[in-house]
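*Asks:* Got a structure for you, questions after.
Any read-out appearing in this document is the output of simple, stated calculations on the displayed coordinates, not a laboratory observation. Note that the structure is predicted; figures quoted are calculated from it, not measured. Cβ placement follows ideal geometry from the backbone for every residue including glycine, while neighbour counts extend to all protein chains displayed.
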Amino acid sequence: MKKPDIASVAVVGTGVIGRSWIQVFARAGCRVRAFDQNPEQLARAMAWFKADLKDLRSRGEIKKREAKARWDLVEAVDSLEDAVAGAGYVQESGPENLAAKRALYAEIDRCAAPRTIIGSSTSTIDMTEVAAGLPGAARCIVAHPVNPPHVVPAVEILGGTETDRKVVKRTIKFMMGLGQTPIVMYRFAPGFVMNRLQSALVREAVDLVKSGVCDVQSVDDAIREGLGLRWALLGPFGVANTNADHGAAEYFARFGESYHALWDDLKTDIRFDDDLLRRIGKQTDRMLPSTHQTQRAWRDRMVGRIRRLKAEDPLPLKPRRRTKTGKR
Ligand SMILES: NC(=O)c1ccc[n+]([C@@H]2O[C@H](COP(=O)([O-])OP(=O)(O)OC[C@H]3O[C@@H](n4cnc5c(N)ncnc54)[C@H](O)[C@@H]3O)[C@@H](O)[C@H]2O)c1
């Protein structure tokens, strides 16, 4: 893989998401300085990184030399200043609340060199609010991954109102250089793109179970053995394109009325309650009797295998132009 154009990065906050970013950056050959305000958490993140490298080696995915090279690129440091010094890009992965993000961003903005980009893993918060009033608001941006980013490449890229267009372009280019897939957004929407899509589907999944149409297993089988098999290859528009002889526009013209009728029928007032949570928990545990850790490890291994399979036999796809950040 070609080395990304930013050689040195800081990871600030090394919980579930931050530790996974360490693997993303080191895999791409970046020098990484990692910091967490909780030293024990930082030690745990480094232990996780070591174990993940060992796991990759034991599965034959990387050689000993590669594991050592990645390990040598990462340094755990005990201050934010040290982490950010000399970094061309900072990935902030602190707690998900506006006050904490604003405080952390103010500190990073104070310590980082003027051209350094400050990306946030936030899942929900508008960068306009995080960066409001900061001297360096123009270099602040959302880079929201899917968990865990070293396994799943999609990352939502979205500036605030003060973010410089050049910062958006440089972040998109950097993420592509890391092997991640930027999901570019032109403006803020609650939940960004992926959580909006996920929430729409999960709302219906929960409603199907709550209203007694089917059980948890039928919903999961419908995705695992049905829709999900295609969605791992093509998105909803790509699937529509392959479902009619003349492509997506013909498909939606033909089935538009059916979609309209179903959209009218979809419920919007569903809420979780104790009984529903118990039913979902019980049915899901019955369906998946192995430990959560086993399920997570299997998921991560299989996602890696699916990605390798797709890379071996790719469908021509016009790559996103690195410079595109606005409406087409
Ligand atoms: N967990 C997910 O599935 C997921 C997915 C995508 C994005 N995110 C986002 O990533 C971010 C981190 O989430 P997480 O799940 O890793 O949380 P986490 O609680 O596991 O980790 C947060 C870490 O930040 C550290 N921290 C707190 N204040 C700090 C400070 N001032 N300086 C340095 N470190 C500090 C904490 O000690 C902790 O280790 C959040 O914004 C979250 O919304 C999470």
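*Asks:* Give a quick list of trypsin sites (Lys or Arg not before Pro) in the stretch 32-76 that DSSP marks as loop, anything other than H, G, I, E or B, with at most 10 other Cβ atoms within 10 Å.
*Replies:* Numbers: sites: Arg33, Arg44, Lys50, Lys54, Arg57, Arg59, Lys63, Lys64, Arg65, Lys68, Arg70; in loops: Arg59, Lys63.
Counting only loop positions with at most 10 other Cβ atoms within 10 Å, the trypsin sites (Lys or Arg not before Pro) in the stretch 32-76 are Arg59.
*Asks:* Still on this structure, I have one more. Count the DSSP beta bridges whose two residues both fall in the stretch 8-184, then state the antiparallel fraction as a percent rounded to the nearest 5. Write down the numbers at each step before the final one.
*Replies:* Values: 5 of 28 bridges.
DSSP beta bridges in the stretch 8-184 are roughly 20 percent antiparallel.
*Asks:* Using mean Cβ contacts within 10 Å as the protection proxy, how do 261-270, 97-106 order, highest first?
*Replies:* 97-106, 261-270
*Asks:* So for the chain: antiparallel DSSP bridges make up what percent, rounded to the nearest 5? Numbers along the way, then the final one.
*Replies:* Values: 5 of 28 bridges.
The antiparallel fraction comes to roughly 20 percent.
*Asks:* So which DSSP H runs in the chain come out at 15 Å plus along the axis (Cα) with average Kyte-Doolittle of at least 0.5? Don't skip to the answer; put the middle values down first.
*Replies:* Details: long enough: 16-27 (17 Å, 0.62); 39-58 (28 Å, -0.54); 98-111 (20 Å, 0.04); 165-177 (18 Å, -0.18); 194-210 (24 Å, 0.11); 248-265 (23 Å, -0.54); 274-287 (20 Å, -1.32); 292-312 (30 Å, -1.53).
Qualifying helices, which must be both long enough and hydrophobic enough, are 16-27.
*Asks:* Quick query: amide H of Ser120 versus all other amide H atoms, modeled in the peptide plane; which residues come in under 5 Å with a sequence gap of 5 or more or a different chain?
*Replies:* Under 5 Å from the amide H of Ser120: Glu92, Ile141, Val142, Ala143.
*Asks:* Okay, next question. How high is the relative contact order of the chain, given as a whole-number percent (alpha carbon pairs under 8 Å, six or more residues apart)?
*Replies:* Working: 435 pairs, mean separation 43.9, N = 328.
Contact order relative to length: 13 percent.
*Asks:* Tell me, what is the FRET efficiency for Ala99 and Gln295 to the nearest 0.05, using R0 = 45 angstrom and their Cβ-Cβ distance as r?
*Replies:* Working: r = 34 Å, r/R0 = 0.76.
According to the calculation, E is roughly 0.85.
*Asks:* What ranking, highest mean first, results for peptides 179-185, 217-223 when packing means the other Cβ atoms within 10 Å averaged over each residue? Let's see the in-between values first.
*Replies:* On the way: 179-185: 18.3, 217-223: 15.1.
Packing order, densest peptide first, comes out as 179-185, 217-223.
*Asks:* Output the relative contact order of the stretch 169-263, whole-number percent, from Cα pairs under 8 angstrom with separation of 6+ residues. Walk me through the intermediate numbers first.
*Replies:* Numbers: 33 pairs, mean separation 8.1, N = 95.
Value for the stretch 169-263: 9 percent.
*Asks:* Length gain on complete extension for the stretch Asp274 to Cys214, per 0.36 nm per residue less the alpha carbon to alpha carbon distance? Could the numbers behind the result be given before it?
*Replies:* Numbers: separation 60, 0.36 × 60 = 21.60 nm, distance 1.89 nm.
Result: 19.7 nm gained on full extension.
*Asks:* Something else now. Using only alpha carbon pairs under 8 Å that are at least six residues apart, calculate the relative contact order of the stretch 1-98 and give it in whole percent.
*Replies:* Values: 154 pairs, mean separation 42.3, N = 98.
43 percent.
*Asks:* P(r) for the chain, please, calculated from all Cα pair distances in 10 Å bins and given in %.
*Replies:* 5, 22, 30, 26, 15, 3, 0
*Asks:* By per-residue mean of other Cβ atoms within 10 Å, what is the highest-first order of 232-241, 163-172? Write down the numbers at each step before the final one.
*Replies:* Numbers: 232-241: 13.9, 163-172: 19.2.
In descending order of packing, they fall as 163-172, 232-241.
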